[in-house]
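Below is one structure; the comments refer to it alone.
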Amino acid sequence: MALTTESTYQAASAVADIIEAHFIKHLETAQAEGVDNLASVPSARVVEKIIDVAFWASLRREEGNATRMSLAFVSPEQAGKPLLFEQPLPLTPQVLTKLAPGVERAGIHVGIWFNGEELCIWGTTIKLPNFCFVLDVSEPGLLVVKHRRIMGLGKFTNVAMLKGDQIKVVDENSGSTTCSPSLLKSLLGVDSSSLWNNPENVLIQIAVSMRAHKRGGILLVVPDKNASWKESIVQPLQYPISPAFAGVADLIRQESSTVSEIFWQNALRREVENISGLTAVDGATIINQHHELLAFGAKITRAAYSSPVEKVLMMEPVMGGSPSYVHPSSIGGTRHLSAAQFVHDQPDAIALVASQDGYFTIFSWSVPKQMVQAHRIDILLL
């Protein structure tokens with residue numbers, strides 16, 4: 001179908017063909033595998049139009065508040081039980097800005113589809129088909145292209161990020177190496193699970209919540225079977241937890257068949273916020289691999305037997321990005337240096353570091369390289 005309006009946001013036209021190719025690839029693969037309830041492929045022209053209108057809407061304010069919303073390219077017939085407007089609304093920045101206060105809550109999507117040859121806003125929905133094109137208007141000038149995962153469980157998969165004239169497209173192959181941390185593989189869909197109580201899906205929720213409080217923080221995930229991590233922590237611990245707090249762990253251990261999805265998600269949200277809130281306290285929050293809380297406000301120190309970490313392998317899962325060797329302090333300061341030193345001393349652990357400015361980094365040990373690797377993943381958490 002032809003669209004008449006030319007985009008004035010140049011990044012929209014620059015990324016449209018890449019995004020169309022992404023959805024063609026995934027939808028054709030899913031169809032070949034027999035997946036049902038699949039979304040329609042958004043053409044490059046559709047992608048360009050939606051991004052262009054959403055960008056200009058993001059720069060507008062309604063009663064002093066920034067425009068925040070989620071747009072989905074989906075027909076009303078594929079939207080479950082949609083909220084339908086009596087008459088479709090034109091897809092313009094002005095209309096989106098006026099709608100924004102009523103649709104900014106998480107889980108609500110503004111439905112975009114054709115009315116004749118033009119795109120229109122037909123209503124809202126909380127249900128989307130598999131691999132549905134979604135565009136999040138996160139903050140002024142910041143847009144994130146996503147798609148719904150199979151079964152709709154877990155965080156949506158990020159495809160690209162546009163911020164002003166900056167474009168970052170996620171490289172799905174960047175998590176395919178054997179030494180990539182499991183959290184990165186899950187975010188990229190390389191090794192994802194549709195189970196509600198999958199530990200990696202839960203860790204993703206914690207990471208998103210850590211980033212959301214905007215105070216910065218460190219989360220250390222340490223092995224269950226030994227306590228060698230204590231050698232890299234100043235003793236005594238300032239806020240030790242005894243016995244280990246198992247709020248999140250108990251939910252992971254719970255059989256998903258015994259509770260409803262809504263109950264489990266609401267319970268998990270409360271427990272995740274309980275843990276992630278503690279990362280705002282000065283020092284590191286420590287959990288074990290079963291997600292049991294061991295301590296918070298912990299001070300990281302170099303182990304007595306270790307040497308200072310001098311460089312790490314820095315990577316970002318975006319197209320055109322290339323690994324580089326850097327000093328850990330150059331990634332983000334003292335917090336990042338401490339996390340890198342901890343993983344250098346405790347290679348069986350991982351460290352998640354949120355910066356106040358929104359950056360998010362996973363520090364883990366690379367066995368092939370025999371050094372600390374740092375994956376900057378904030379583009380995957382938006």
Task: Test item: Cα-centred dipole of the chain, Lys/Arg +1 and Asp/Glu -1 on Cβ, debye - done: 800 debye
Task: Value of relative contact order over the range 10-169, rounded to a whole percent, pairs C-alpha under 8 Å and six or more apart - done: 25 percent
Open item on the list: Test of understanding: in a Gaussian network model of the chain with alpha carbons linked when under 10 Å, which of Val134, Val367, Val41 would top the mean-square fluctuation ranking?
Closed with: Val367
Task: Of Lys49/Lys163; Lys155/Lys230; Lys185/Lys299; Lys168/Lys311, those spanning more than 27 Å from alpha-carbon to alpha-carbon - done: Lys155/Lys230; Lys185/Lys299
Task: HN-Hα J in Hz across the range 345-350 - Karplus 6.51, -1.76, 1.60, θ = phi - 60°, x for Gly and Pro - done: 7, 10, x, 7, 9, 10
- [ ] Answer with one residue from Ser40, Met314, Leu83: the one whose Cα lies farthest towards the positive end of the charge dipole of the chain, charges on Cβ with Lys, Arg +1 and Asp, Glu -1.
- [x] Met314
Open item on the list: Could you report the chain's accessible area per residue, 1.4 Å probe, as an integer in Å²?
Closed with: 46 Å²
Open item on the list: Would you report the distance distribution of C-alpha pairs in the range 60-122 as whole percents per 10 angstrom bin, up to the bin with the largest distance?
Closed with: 21, 54, 22, 2
TODO: Give the carbon-plus-sulfur fraction of the accessible surface of the chain in %, rounded to a whole number; probe 1.4 Å, heavy atoms of protein chains only.
DONE: 51 percent
TODO: With a point put 7 Å past each Cα toward its Cβ, work out how far Asp224 is from Phe85 in nm, to one decimal.
DONE: 5.2 nm
Open item on the list: Given a 10 angstrom Cα cut-off, can you work out which residue in Ala207, Ala339, Ala16 is the most mobile in a GNM of the chain?
Closed with: Ala16
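Out of the trypsin sites (Lys or Arg not before Pro) in the range 86-170, which ones are loop residues according to DSSP with at most 13 other C-beta atoms within 10 Å? Walk me through the intermediate numbers first.
Details: sites: Lys98, Arg105, Lys127, Lys146, Arg148, Arg149, Lys155, Lys163, Lys168; in loops: Arg105, Lys127, Arg148, Arg149, Lys155.
In loop regions of the range 86-170 (DSSP not H, G, I, E or B), the sparsely surrounded trypsin sites (Lys or Arg not before Pro) are Arg105.
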- [ ] Name the residues whose placed amide hydrogens come within less than 5 Å of the amide hydrogen of Leu119, ignoring near sequence neighbours (fewer than 5 apart) on the same chain.
- [x] none
Open item on the list: Can you compute log10 of I(q)/I(0) for the range 182-380 with the Debye formula, treating each Cα as one identical point scatterer, at q = 0.08, 0.09, 0.15 Å⁻¹?
Closed with: -0.25, -0.32, -0.91
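Mean separation of Cα pairs under 8 Å and 6+ residues apart, divided by the residue count of the chain: what relative contact order is that in percent?
With pairs under 8 Å counted, the relative contact order is 13 percent.
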TODO: Go ahead and set up a Gaussian network model of the chain, Cα springs under 10 Å, then flag whichever of Gln341, Gln254, Gln289 fluctuates most.
DONE: Gln254
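The values are calculated or read from the model by the stated rules, or taken from the named source; none is laboratory data. Note that the structure is predicted; figures quoted are calculated from it, not measured. Using ideal geometry, Cβ is built from the backbone for each residue, glycine included, and neighbour counts are taken over all protein chains shown. What goes into the accessible areas is simple: the full protein's heavy atoms, side chains included, and nothing from ligands, DNA or RNA. Shrake-Rupley method; radii C 1.70, N 1.55, O 1.52, S 1.80 Å.
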